[in-house]
Amino acid sequence: MIFERGKPGDTMLVVAEGALSVVMPGPRRRNIEVARVGVGEVVGETSCIEPAPRSATILAAMRTTAYEFGRKELTRMRRLAPGVAAALVGAVIRSVTLRLRRVDERIERELAGHLAARLPELRQTIGTHGRISGRISSRHAATGAACGPGTWTAMLARLRGNA
C-alpha cells in the first residue's frame, strides 16, 4: 500500500514506469478500483498542496517506479530549478484536467442511463402535456446542468421522440 485513504499525507507521486491503482471502499468492505494512474501522471497532489487526509488508497498495479515530492521539495525546487518546478506543476494540471474530464464523462453516461430508464414515463408526460411538466423539468434541471449545452438539448429531443 502506497497511500491509505483517510491517513494524513503531504507528498505526491509522479509515475515514471508502471501503473498505480486508485481504490475506494466498496460493498462488503471490498476495494473497488476507480482509476489507473500511468506514466507521466500524478497522484496525491491534493494532500501535497493542501494538507488533508488521503481521499483514496493507492496500490501498485504492477512493478512501478515513481518520484515522490513533498511541499518542502516543491518550495525548494521553485527556488533552485524553476523550469523543473513549472514542468511538475504542468504535469499536475494535466493530471487533474484528465481526471475532471473522466468524471464529467461518467456523470454524462450515468445521467443518460438514468434518463433512458425514465423515457416511458417522461414520454407519457410529454405526450399528455405537450411538454415536460415543471415538476420533472425542475427535478432534472440541476442534473442536466452538469452536461454540456448540446447534451441536455439532445436528451430532451430524444425524450420527445425527435432523435
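The values are calculated or read from the model by the stated rules, or taken from the named source; none is laboratory data. These numbers were taken from a predicted model, which means no experiment stands behind them. Please note: Cβ atoms are built from the backbone with ideal geometry, for glycine as well, and neighbour counts cover all protein chains shown.
This table checks each residue for (1) over 18 Å from D10 (Cβ atoms); (2) free of Cβ contacts under 8 Å to residues at least 24 places away in the same chain; (3) not hydroxyl-bearing (S, T, Y).
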residue	(1), (2), (3)
I58	no, no, yes
T65	yes, no, no
E68	no, no, yes
V92	no, no, yes
T97	yes, yes, no
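Of all residues in segment 11-27, those satisfying the criterion of being surrounded by 15 or more Cβ atoms within 10 Å (Cβ to Cβ) and either not assigned by TED's automatic domain parsing to the domain that holds Y67 or not small (G, A, S) (or both) are T11, M12, L13, V14, V15, L20, V22, V23.
Condition check: under 29 Å from I2 (Cβ atoms), surrounded by 15 or more Cβ atoms within 10 Å (Cβ to Cβ), assigned by TED's automatic domain parsing to the domain that holds S21 and modelled with pLDDT of 85 or more. Does L74 satisfy that? Break it down stepwise before answering.
Details: under 29 Å from I2 (Cβ atoms): yes; surrounded by 15 or more Cβ atoms within 10 Å (Cβ to Cβ): yes; assigned by TED's automatic domain parsing to the domain that holds S21: yes; modelled with pLDDT of 85 or more: yes.
Taking the combined requirement at face value, the residue satisfies it.
With respect to the conditions (1) in contact with a strand residue (DSSP E or B) (Cβ under 7 Å, 6 or more places away or on another chain); (2) in the same structural domain as T64 (by TED's automatic domain parsing), F3 lacks only one, and its number is (2). Among residues of segment 41-71 being among the charged types (D, E, K, R) and surrounded by 14 or more Cβ atoms within 10 Å (Cβ to Cβ), the one that is farthest from L20 (Cα to Cα) is R71.
Taking the residues in segment 77-102 that are surrounded by 11 or more Cβ atoms within 10 Å (Cβ to Cβ) and of a type in the set (V, I, T) as candidates, determine which candidate is farthest from G44 (Cα to Cα). Within segment 77-102, the match that is farthest from G44 (Cα to Cα) is V84.
For R123, the test of being modelled with pLDDT under 80, surrounded by 14 or more Cβ atoms within 10 Å (Cβ to Cβ), over 17 Å from the mean Cα position of the chain (by Cα) and not hydrophobic (A, V, I, L, M, F, W, C) is passed.
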